[in-house]
Amino acid sequence: MKYLVTFFWAFAIGQAVCYLGGALQSATYNFQLSTIVSLIVGVITVLLSYAIKPVQQTTNH
């Protein structure tokens, strides 16, 4: 479920950023390109969350 939420927000925020960035540069909005870039950023975010997760040490008492 957390991956679905991550990809949803990556998609939604990516679309908004690409739309606003295109408007600021007077460029055309490309839905397909912004979707691909947004989902790639979402995948990188998920992979980075695994890479920087701290290792839990077990203690024997």
Put TYR19, TYR3 in order of accessible area, largest first, probe 1.4 Å, and you get TYR19, TYR3
Checked against the structure, the computed Cα extents along the principal axes in Å among (1) 64, 22, 13; (2) 47, 13, 10; (3) 32, 22, 14 is the one labelled (1)
Relative to the chain, whose Cα atoms define the longest principal axis, helix 2-24 and its Cα axis are tilted in degrees, nearest 10, by 30 degrees
Rounded to the nearest 500, the 222 nm mean residue ellipticity computed for the chain from DSSP H runs (n ≥ 4, each -39500 (n - 2.57)) alone is -25000 deg cm²/dmol
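The values are calculated or read from the model by the stated rules, or taken from the named source; none is laboratory data. Please read all numbers here as calculations on a predicted model, not as lab measurements. Ligands, DNA and RNA are stripped out before the accessible areas are found, and what is left, the full protein with its side chains, is counted by its heavy atoms. Shrake-Rupley method; radii C 1.70, N 1.55, O 1.52, S 1.80 Å.
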